[in-house]
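Student: For reference, the structure I am asking about is given below.
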Amino acid sequence: MARHGALRPFEGRRLPTAVRLVARLARLGARAPATPDFAAGLAAVGPAAIKLGQALATRPDLIGLEAATDLARLQDALPPAPFGAVEPVLNAACGGDWKTRFQSIEPEAVAAASIAQVHKAVTSDGRSVAIKLLRPGIEADVASALATYEWGAAHLEALGGEFARLRPRAVIATFKGWIEAELDLRREAASASELGEILAGEPDFVVPAVDWQRSTRRMLVIDWIDGVKVSDRAALAALDIDRPALARVLVNGFLAQAITKGFFHADLHQGNLFVIPPGNGVDHARIGVIDFGIMGRINRRARLYLAEILHGLVTGNYARVAEIHFEAGYVPPHHNPAAFATALRAVGEPIRGRQAKDIAITDLLEGLFSITRSFDMPVQPHLLLLQKTMVMVEGVALTIDPHVNMWEVAEPYVRDWVRDEMGPEAMIADNLVLNFRALKQLPRIFRQWVAENPMPGAAPPQAPLPPLPEKASGGWSTPWLLLAAGIGAAVVILLG
């Protein structure tokens, strides 16, 4: 880290003397560049550090915009382990020789990340599939790294002030949940299956099917997607497709996941998305998605708040957006809602009606983070993945169609969902469900009350007894008197 200048921020005056001293000593003789290269520093540390860097890239409020922009370069691109090193993992996952389940497996990995790598294969029944395999020894490396990150986060939060508000321990806890889920490929298979069910109503957003018979904890087998990676801009530019329509498919597919169902793919960067050209009976392009290791969930109440916030920002109803923040507990109650609405207006009005490509994202983020600091807004860990993914989706949509306005695309969807979920019919239905659930509890509550209040017995009530005498201070208590009597009796027997 010191060789890449990544410890320079720890030399700042706000940090304790001991931390500054260690950072400066580490830099001695390291020929560190004047501009920190955080991405290269974390990549040199190891796979878990790369994952941590990707998580921190979503938190410019914690590490600053420059550091977050630099960390965004981490694309999980690592040299793959040679096939000879992963073949024992493959055989173990297949319960023996892998050739009993696959006709062929390409020895060269088609993709390699910090946690796993992917090979193209053909199953014994002739289907083209992608095999995702964990890297050998990755579990031990991750466990050791997580212990270090938890230790560092605890010490940062103990410094108080801004560090306490930003809750680094919660950030690391969220990151730990992400990476532990990625280490069990059965959970990734389940996530892919659930996402496929959610997007059944969005046929142009394709989720590959899972081969459950061949998938294990260390190996995931899914259908192969033939398409052009969105990250391959030259190949994407050569396609003759309806770009605005495809960008709408992406945005609406994400909203169907996050807003409608509350379960969404939380790693929608260009490397995980494909454009599937027309063919096989389909006359238009579609979007395909892979890599289901990081998924997000938000409950219905949070989704209602989120949808109202998005709709309020799009329509300029800043007073309602402010009210929602206070209702949801995102802003401490001692602040003034009207002042908060004015602060939101200062950030929202300059971007309303403008295309995303014309918006200075740096200025926008600086304005939003200034609001969170001014109004003492604590970090909401359950929204971290959603915030990160929304930024990713907008970036991918712009890659597909440089003229797309994500807010304009999202507004009809969000408006209709808010109307359906918060209209009079929905409120009546919600109250009926809640009341019915409450009524179902009445027999249990009655049984508990009867158990705690038994019928009086046949014996007549006893007259009240006088109070016990108070203990004489300094005297002998009953246990000590009994002990002394026992010792005395033993002495008499022995001497007798």
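Student: Provide the gained length on full extension for the span Arg297 to Asp97, in nm with one decimal, where the gain is 0.36 nm per separating residue minus the Cα-Cα distance.
Tutor: The Arg297-Asp97 span can extend by a further 68.2 nm.
Student: What residues have an amide H closer than 5 Å to that of Arg286, excluding those fewer than 5 places away on the same chain, when H is modeled at 1.01 Å from N in the peptide plane?
Tutor: When sequence neighbours closer than 5 places are left aside, the close amide H contacts are Ile276.
Student: Over the range 270-326, what is the mean sequence separation of C-alpha contacts under 8 Å (at least six apart), divided by residue count, expressed as relative contact order in percent?
Tutor: Computed over the range 270-326, the figure is 21 percent.
Student: Moving on to the next point. Under 8 Å for C-alpha pairs, at least 6 residues apart: give me the relative contact order for the range 203-328, rounded to a whole percent.
Tutor: 26 percent
Student: Just to check I understand the Karplus step: with θ = phi - 60° and J = 6.51 cos²θ - 1.76 cosθ + 1.60, what whole-Hz values come out for the range 260-270, glycine and proline as x?
Tutor: 6, 10, x, 9, 9, 5, 9, 9, 8, 8, 4
Student: In addition: Apply 1/(1 + (r/R0)^6) to the Cβ-Cβ distance of Ala339 and Glu66, taking R0 = 45 Å, and write down the FRET efficiency to the nearest 0.05.
Tutor: After rounding, the FRET efficiency stands at 0.95.
Student: What ³J(HN,Hα) values, in whole Hz, does the Karplus curve 6.51 cos²θ - 1.76 cosθ + 1.60 give for the range 79-89 when θ = phi - 60°, with x put for Gly and Pro?
Tutor: x, x, 5, x, 4, x, 7, 8, 4, x, 5
Student: Right, something else. I need the phi-derived Karplus couplings for the range 2-10: 6.51 cos²θ - 1.76 cosθ + 1.60, θ = phi - 60°, integer Hz, Gly and Pro marked x.
Tutor: Each residue of the range 2-10 in turn: 5, 4, 9, x, 6, 9, 4, x, 7 Hz.
Student: Which value in nm describes the separation of the simple spin-label points at Glu87 and Glu452, placed 7 Å from the Cα toward the beta carbon?
Tutor: 6.7 nm
Student: Distance check, please: which entries in Lys176/Lys261; Lys132/Lys388; Lys120/Lys388; Lys99/Lys120 exceed 21 angstrom between their Cα atoms?
Tutor: As for pairs spanning more than 21 Å Cα to Cα, those are Lys176/Lys261; Lys132/Lys388; Lys120/Lys388.
Student: Would you please give the FRET efficiency between Asp125 and Val22, computed as 1/(1 + (r/R0)^6) with r the Cβ-Cβ distance and R0 = 60 Å, to the nearest 0.05?
Tutor: Efficiency, rounded to the nearest 0.05: 0.55.
Student: Sticking with the crude label model, points 7 Å out along Cα→Cβ, report the distance from Arg73 to Arg444 in nm, one decimal please.
Tutor: That separation, rounded to one decimal, is 5.6 nm.
Student: Counting only protein heavy atoms, what percent of the accessible surface of the range 142-275 is carbon or sulfur at a 1.4 Å probe?
Tutor: Answer for the range 142-275: carbon and sulfur cover 53 percent of the accessible area.
The values are calculated or read from the model by the stated rules, or taken from the named source; none is laboratory data. Owing to the predicted nature of the structure, the values given are computational and were not obtained by experimental measurement. Positions of Cβ are backbone-derived with ideal geometry, glycine not excepted, and every protein chain shown enters the neighbour counts. Side chains are part of the model used for accessible areas, which takes the heavy atoms of the whole protein and leaves out ligands, DNA and RNA. Shrake-Rupley method; radii C 1.70, N 1.55, O 1.52, S 1.80 Å.
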